[in-house]
Amino acid sequence: MVRLLFAGGMLALLSLPCQVTAQTPPAPGQQAAPAVDPQAIEALRGMGRFLEQQKRFEIRTTVMGERVLADGQKLQHTARATLEVERPRHLRILTEGRKPRELFYNGQLLTLYSPQLGEYSSVPFDGSLEALVERLEQYYGVELPLADLFIWGSPDAPFQRISSAMYAGQADVDGVLCDHYAFRQGKADWQLWIAAEGPPLPRKLAITYRGDEARPQSVSLIDWKLSPAFSGQRFTFVPPAGARQVVLPVRAADAKQP
Amino acid sequence: MSERSRFSVLVSAALCALPLLLPAAPAAAGRALQKPGKAVHAKPSVPKHADVPRRPADARTANVRSRSVNNVNVNRNVNVDVDRDIDVDRDGCCYGGWDDDYHPVATAVAVGATVAVTAAVVGSIVNSVPANCVPVNHGGVVYQRCGNTWYQPQGTQFIVVNPPY
């Protein structure tokens, strides 16, 4: 009965002239907002465009992540990373989790180096940074810290995968006033805090993984330096004395060695 | 390391640092102090905290069913023990995130090596390790590194773990 009345009400609303509908304030609960708020997507696009325009920048990030053990118990861990970026084809990354790791990309050669093992592996590569993110993932199963930042600004950013997007108000992140957005995409619920004043820089990213009932969450805090003072030479890997070259294992299922 | 040798290391470190510090203007020294992150630009020091004795982690910590998801568009959440749907957007990949133990270099094969070793499943337990294993002492644990696979001793057996480096 209630459903019938509701349906009838909807029909009545629909049959009204447009002008009247527009002037009628929406009754609470009657007009649900669209699942994907276009303004939230536009904020994401705008941020991506801005990042794409930045030719040189440095990012420092700290992630607090969770892994889930077989019985559902969660363990938390912390890791740090520094990314030095010079578009279009220079990248250097130092990650410091349990062990330090380094990545060098000078536009011709891509090197992964483990200072702890004293071993490195180099492969020729000359693609864009977005292509680098893809290549590392597909060929070597390697994920870059904050790889999303290189995706969101690219023309083929997968915004169509976002099934829900909303604006969640303003919040302070490390003293910076930010606009808080919440998205749902596949099995990831994710939240992004973009600086509300000045350049639209992402300051915090939180991802909740819904594929596991324990719902592990990672929270990345992001610090920016838009005018870094690094030199172009630091993107070329020079093997330290005694370092050993090894061959990267390529994921068998995907592709041949380039 | 004895107290005496530790002291002499400290003294020599201070002496070495002295000539470097002296020519620096006070402003520059202050700036360096305010930016501890500058150390990133130096080559990372090989074994950090190498002298700190470590206990091996409980074997249960190697039994991970979901890893941390740190990127929305690039995800390779892995499940080594149960076959379940794991991907966010793409096909689930095989390794950990950037914050995890996994490093492809640690599973790499040395240039010129001819033996291809298939990696064993992390978490599986064996009574003995293959003949080509190399013992690697790290953090007080003597691992057996066999090509792509790392074994950690557990009682009289061995458990396959992620590369500890």
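The values are calculated or read from the model by the stated rules, or taken from the named source; none is laboratory data. Bear in mind that the values here come from a model prediction, so they are computed numbers and not experimental data. Cβ: placed from backbone, ideal geometry, glycine included. Neighbour counts: every protein chain shown.
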Open item on the list: Looking at A:Leu248, A:Leu226, can you tell me which residue is at pLDDT 85 or above and either closer than 25 Å to A:Leu110 by Cα or surrounded by 14 or more Cβ atoms within 10 Å (Cβ to Cβ) (or both)?
Closed with: A:Leu226
Open item on the list: Give me the residue from the stretch A:124-148 that is at the interface with another protein chain (Cβ under 9 Å from one of its Cβ atoms) and in contact (Cβ under 8 Å) with a residue 40 or more places away in the chain and, out of that set, surrounded by the most Cβ atoms within 10 Å (Cβ to Cβ).
Closed with: A:Pro145
- [ ] Could you tell me which numbered condition A:Leu146 fails, if it satisfies all but one of (1) touching a strand residue (DSSP E or B) at 6+ places or on another chain (Cβ under 7 Å); (2) not in a loop (DSSP other than H, G, I, E, B)?
- [x] (2)
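Residue-wise test of (1) basic (Lys, Arg); (2) surrounded by 15 or more Cβ atoms within 10 Å (Cβ to Cβ); (3) more than 20 Å from A:Glu52 (Cα to Cα).
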{"position": "A:Ile162", "(1), (2), (3)": "no, yes, yes"}
{"position": "A:Met166", "(1), (2), (3)": "no, yes, yes"}
{"position": "A:Leu201", "(1), (2), (3)": "no, yes, no"}
{"position": "A:Glu213", "(1), (2), (3)": "no, no, yes"}
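With the requirement that a residue be outside any strand (DSSP E or B) and either farther than 25 Å from A:Pro216 by Cα or in contact with a Pro (Cβ under 7 Å, 6 or more places away or on another chain) (or both), what does the stretch A:187-200 give you? Reasoning before the result, please.
In the first step, residues of the stretch A:187-200 are kept if they are outside any strand (DSSP E or B); the result is A:187, A:196-200.
Residues satisfying the conditions are A:Ala196, A:Glu197, A:Gly198, A:Pro199, A:Pro200.
Hey, among the residues in the stretch A:168-190 that are acidic (Asp, Glu) and surrounded by 15 or more Cβ atoms within 10 Å (Cβ to Cβ), which one's farthest from A:Pro34 (Cα to Cα)? Write out each step before concluding.
Narrowing the stretch A:168-190 to residues acidic (Asp, Glu): A:172, A:174, A:179, A:189.
Those still in the list that are surrounded by 15 or more Cβ atoms within 10 Å (Cβ to Cβ) too: A:179, A:189.
Values: A:Asp179: 19, A:Asp189: 17 Å.
The residue in question is A:Asp179.
Considering A:Gln185, A:Gln170, which residue is under 17 Å from the mean Cα position of the chain (by Cα) and either within 10 Å of chain B (Cβ to nearest Cβ) or within 30 Å of A:Glu213 (Cα to Cα) (or both)?
Working: A:Gln170 fails: under 17 Å from the mean Cα position of the chain (by Cα).
Answer to the check: A:Gln185.
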Task: Residue check, A:Thr95 hydroxyl-bearing (Ser, Thr, Tyr), without any contact (Cβ under 8 Å) to a residue 40 or more places away in the chain and either surrounded by 20 or more Cβ atoms within 10 Å (Cβ to Cβ) or within 12 Å of another protein chain (Cβ to nearest Cβ) (or both) - done: no
